[in-house]
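Here is the structure we will look at.
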Amino acid sequence: MLQPLRTIESSHSLPSHADVVVIGGGIIGVFTAYFLARRGLSVAVVEKGLIAAEQSSRNWGWCRQLNRDARELPMATKALELWEQFAADTGEDTGFSRCGLLCLSDDEAQIAQWAQWHDLGKSVGVTTQVLSGSEATKRGHATGRKWKGGVYSPSDGTADPAKAAPAVAAAIMKLGGTVLQNCAARGLELEGGRVSGVVTEAGTIKTRTAVLAGGAWASSFCNQLGIRFPLSTLRQSILRIAPVGQQLPPALTTPRVSVTRRSDGSHTLAISGRGRVDPTPQFLRYASKFVPMFAKRWRNVSPGGLQGLRSGHETLKKWRLDEPTPMERMRVLDPKPDAATIRKTLDRATQLLPSLRDAKIINAWAGYVDCTYDGVPAIGEVPEVPGLVLAAGFSGHGFGIGPGAGYLVADLITGAQPFIDPTPLSPTRFSQSAWGKVAEF
């Protein structure tokens, strides 16, 4: 693993029972467990590898309302409040800061789209500033060039993917919860069709409620239970460069490249939405569902290689609960970055920001983004298996809205009034046509 990541010590023993077992130690899983523990429930998080070792530490770190799909926007707004509240309540450092996000463009259609979103955001109390050409040029002075327009979101920010989920996991254990690493969940025990336990490689935890926050592994896990959850993973590549002398915008995106400052002063570089689809049996099974999404993003999405097939996260094979599973053979999805994308990203970044030309490349990595065909997550109980709550398919948006998603799942499990209407996020929508509304990345 070449991406930076804080490691934590696991709990020492497997509990015999828990009110809720969370499967997956990414940002969604740990925030779900944290908010459940805050409400007095006994929780156990089981993670096949290390906390946040997959996409939760491999993303940009953006925590944004800006340009969110309307179905996600209320959750994103709540998440920003919760990022701040978490630090105040626990003293744990996630690297969160409302540093502001800046988008610049010369594409008039994109600028018009941003202006349209500004009206949507304003209607629900989100403050953004649509920038004229002169205003965009002034805010983007580090680029040394003129821009036709842009948008600035002063209340949005970033958190540090290397720190965030491990910090939340540490807070869970302080509250008396259990966090187990290198402990794969193999499947579920059912009584009368309802969840009665989670079977792990270390034994069974009795529970009436399980949350599947398995990211790229969620669909293959569902398949073991006869549940169809259309998911396709996109392999995205990113690189990190050493700090540079010039003060750059903390979070800047353009149609060609995006640059984000990390808490240690280094910067991550990426091309928004660009990735490769590695063919797998699962992808072939659900390919027709993803045609609308890929057709819309054909300029940035291209065929990949055999990495996805070898990693096993999109297998359609059934596995036994008393034998090692694909999760135990692949503790951490650590795909190789696409060399061509890394070269293109660096070239675009140095053209955008001349001060980066002499910057040292620290490392590069890739990660698998779990995508639904409409681009928004699945959050809610699975009708086929009462007691199983799905929280996956965040389509590259999960890190920033992680606290909001975890809070929503905690609402659903405890019977509290959900802070947003969860209906548009329900897993039941996947029985409908794929030719519905497709969210923007």
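The values are calculated or read from the model by the stated rules, or taken from the named source; none is laboratory data. If you're wondering where the values come from, they're calculated on a predicted model, not measured in any experiment. Here Cβ is always computed from backbone atoms with ideal geometry, including for glycine, and neighbour counts include all displayed protein chains. Surface areas here come from the heavy atoms of the whole protein model, side chains and all, with no ligands, DNA or RNA. Shrake-Rupley method; radii C 1.70, N 1.55, O 1.52, S 1.80 Å.
Annotations
- Restricted to segment 69-173, the set of helices (runs of 4 or more DSSP H) holding at least 2 residues that are over 30 Å from Ala410 (Cα atoms) comprises 108-123, 133-139.
- Count - residues of segment 163-176 that are open to solvent by 10 Å² or more (accessible area, probe 1.4 Å) and of a type outside the set (D, E, K, R): 4
- Unmet criterion (only one of (1) open to solvent by 20 Å² or more (accessible area, probe 1.4 Å); (2) touching a strand residue (DSSP E or B) at 6+ places or on another chain (Cβ under 6 Å); (3) modelled with pLDDT of 95 or more) for Phe294: (3)
- The set of residues from segment 345-368 being under 21 Å from Leu333 (Cα atoms), out of contact with any helix residue (DSSP H, G or I) (no Cβ under 6 Å at 6 or more places or on another chain) and of a type outside the set (Phe, Trp, Tyr) comprises Ile362, Asn363, Ala366.
- Residue list for segment 171-188, filter: of a type outside the set (A, V, I, L, M, F, W, C) and over 27 Å from Gln224 (Cα atoms): Lys174, Gly176, Gly177
- Extreme residue, farthest from Lys296 (Cα to Cα), among residues of segment 370-393 that are of a type in the set (Val, Ile, Thr) and out of contact with any His (no Cβ under 9 Å at 6 or more places or on another chain): Val385
- So Trp147, is it in contact (Cβ under 8 Å) with a residue 24 or more places away in the chain and over 26 Å from the mean Cα position of the chain (by Cα): yes
- Gly61 falls short on exactly one of the conditions (1) within 25 Å of Lys148 (Cβ to Cβ); (2) open to solvent by less than 50 Å² (accessible area, probe 1.4 Å); (3) in contact with a Lys or Arg (Cβ under 9 Å, 6 or more places away or on another chain), and that condition is (1).
- Segment 328-350 - residue that is open to solvent by 30 Å² or more (accessible area, probe 1.4 Å) and without any contact (Cβ under 8 Å) to a residue 60 or more places away in the chain and, of those, farthest from Pro243 (Cα to Cα): Arg329
- Candidate set from segment 38-54 (those that are surrounded by fewer than 24 Cβ atoms within 10 Å (Cβ to Cβ) and not charged (D, E, K, R)); member that is farthest from Leu234 (Cα to Cα): Gly40
- Inspection of segment 117-128 finds a residue satisfying the criterion of being exposed (fewer than 13 other Cβ atoms within 10 Å of the Cβ), farther than 30 Å from Ala87 by Cα and out of contact with any Lys or Arg (no Cβ under 8 Å at 6 or more places or on another chain).
- In summary, strands (runs of 3 or more DSSP E) completely within segment 182-294 and bearing 2 or more residues that are farther than 27 Å from Leu352 by Cβ and touching a helix residue (DSSP H, G or I) at 6+ places or on another chain (Cβ under 8 Å) occur at 185-191, 210-212, 232-241.
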